[in-house]
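Structure record follows, encoded as structure tokens.
Read-outs throughout are calculated quantities, based only on the coordinates presented, and are distinct from any laboratory measurement. Quantities reported herein were computed from a predicted structural model and do not represent experimental measurements. Cβ sites come from the backbone with ideal geometry, for glycine too, and all protein chains shown count toward neighbours.
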Amino acid sequence: MMLIAAGWILVLLLGGGIALDRTLTGLVTRNFDDQLGYMLTAMIGSAEVGPDGEVFFNRPLGDQRFLEPNSGLYWQISGKGHEDFPSRSLWDRSLKVRSDHFDAEPHTFDSSEFSGEPLRVMERSIILPGSETTWWFTVAESRAQLDQQIRRIRSILFWSFVALGAGLLAMAALQTWYGLGPLRRVRLAIQRMRSTGTNRVTEPLPLEVEPLVEELNLLLAHSETQAEEARMHAGNLAHALKTPLTVVMNAATARSPDLSETVIREAGVMRRQVDHHLARARAVGRRAGGLARAQVGESVEAVLRAMTVLYEGTRFDLDGKREAEVALERQDLDEVLGNVIENAAKYGGGSVFVTIDADPASTWCEVWVEDDGAGIPEDLREQIFARGARLDTDKPGTGLGLAIVRDVVAIYGGTVTLAESEDLGGLLVKLRLPRAPNG
């Protein structure tokens, strides 16, 4: 911020200084030229042509410096075929006049024809009454006074702009220091939070950083939630694996004759537990990766295409608002719908009906999956969500489908409920999923 401020201050002061320098030096130079113009006009107004054809003044010029040799103020009248008529101040010198042109208006220029004495020269061509000769009236003055005034102006400008630049930089530094003060207070608050072991920034801070502090506290809460979920998953997985490992260890220690069958059986249990917790971990990780969004219709249609191949004798129907979007990752939505629809096809009687956004007026997106199977008694519906729970052991499966569905949906803040289908008479699975925000 300071480098940017210093750069802009330097550019603006440099540009302003150059513009002001040109303006003031131009004003001083024009004032100097105006004085020369007054003298030139007085010369022309006083000049006459005598009987011998030579020019003379009918009255003396008012400035005494014209009479003092080398005074720095000079005049000269030149005419082709006539001797130059110079001021006494020129003494033994003369002004160089170009007679190859005609200056109807005063012509001003700088000259260095006198060594060590730069001149400001103004000349004009005049044809006087009673003469056909073109006369060049020239007045010149040393630039010493003009250059001194310009140097003084530039010195004043330079030191004024230096002081102005220093003041602006000091103000910019003060403004930056003061403006960033709330961020320093946030840094100190975070430092104290880390050193004292607290988990929130609770001290009052300026209004400018309150949104930042709120987001920081939300981030800390989110991190705590994730850490707690990770600890819970690790604990649950360790607890789930502890019993199978103990069974295998005891069988191996006792050299049980059915050791191989025990290892195979308990390894299958451990594999199901690992699959279950990995599914939860993936869902948590994807949820933390950013704002999720998935279109329900696309996911359902993809699942139904796969189910049609696996269960050729089952009829699948789809209805509802297919463009509805939910705040789930597409992979997790596919896994949830795949488990629910596959269960409906596996345990149903041959018909599966999927309704998307069954209640459009709700703030949630509800997906209903119905089948025409035997259904589940109301007193067993909660039990079916337990890991490994299976009511029909005649059909292959791990008993983790609905448990995974409930856990993944819960991670995104949704719910899963079971009911009886009024249309098909079998099981109705209601998925209540968070809608994706508009835009």
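Could you work out the pair-distance distribution P(r) of the chain from its alpha-carbon pairs, with 10 angstrom bin width and percents rounded to whole numbers?
4, 13, 14, 10, 8, 7, 5, 5, 6, 7, 8, 7, 5, 2, 0, 0
Please find the FRET efficiency linking Lys80 to Arg22, where r is the Cβ-Cβ separation and R0 is fixed at 51 Å, and quote it to the nearest 0.05.
Taking R0 as 51 Å, the efficiency between Lys80 and Arg22 is 0.85.
Counting Lys and Arg as +1 and Asp and Glu as -1, what is the net charge of the other residues whose Cβ lies under 13 Å from the Cβ of Gly338?
Values: positive: Arg305, Arg330, Lys346; negative: Glu301, Asp332, Asp334, Glu335, Glu342.
Summing Lys/Arg as +1 and Asp/Glu as -1 gives -2.
With +1 on each Lys and Arg Cβ and -1 on each Asp and Glu Cβ, how big is the dipole of region 2-150 about its Cα centre, in debye rounded to the nearest 20?
It works out to roughly 420 debye.
How long is the gain from Glu301 to Glu54 if the chain were fully straight, where each residue apart is worth 0.36 nm and the alpha carbon distance is subtracted?
Details: separation 247, 0.36 × 247 = 88.92 nm, distance 11.53 nm.
Going from the current span to full extension adds 77.4 nm.
With a length cut of 20 Å (Cα positions projected on each helix's long axis) and a Kyte-Doolittle mean of at least -1.0, go through the chain and give me the DSSP H helices that pass.
Those that clear 20 Å and a mean of -1.0 are 2-46, 144-179, 181-196, 210-253, 259-288, 296-310, 330-347.
Any idea how many Lys pairs in the chain come in under 20 angstrom at the alpha carbon, given 8 or more places apart or on separate chains? The partial results should precede the final answer.
Working: Lys80/Lys96; Lys321/Lys430; Lys346/Lys395; Lys346/Lys430.
Summing the qualifying lysine pairs gives 4.
Just the number, please: Stokes-Einstein D of region 294-434 in µm²/s, Kirkwood Rh from C-alpha pairs, 4 °C, 1.567 mPa s. Working shown, then result.
Details: Rh = 14.9 Å.
The calculation lands on 87 µm²/s.
Once Rh is set to the Kirkwood radius over Cα pairs, what Stokes-Einstein translational diffusion coefficient, in µm²/s, holds for region 37-193 at a temperature of 37 °C and a viscosity of 0.692 mPa s?
Approximately 165 µm²/s, per Stokes-Einstein.
Which whole number of Å³ per residue matches the convex hull of the alpha-carbon atoms in region 7-109? All intermediate terms of the calculation are to be shown ahead of the outcome.
Details: hull volume 15.8 nm³, N = 103.
Considering the Cα atoms of region 7-109, their hull volume per residue is 154 Å³.
Would you mind computing, in nm to one decimal, how far apart the modelled labels at Glu420 and Glu215 are, each placed 7 Å from Cα along Cα→Cβ?
Computed distance between label sites Glu420 and Glu215 equals 5.3 nm.
Mean residue ellipticity at 222 nm from the helices of the chain, using -39,500 (n - 2.57) per DSSP H segment of n ≥ 4 over the full residue count, to the nearest 500 deg cm²/dmol?
-17500 deg cm²/dmol
Dipole magnitude of the chain about its Cα centre, charges +1 at Lys/Arg Cβ and -1 at Asp/Glu Cβ only, in debye to the nearest 20?
Roughly 1820 debye for the chain.
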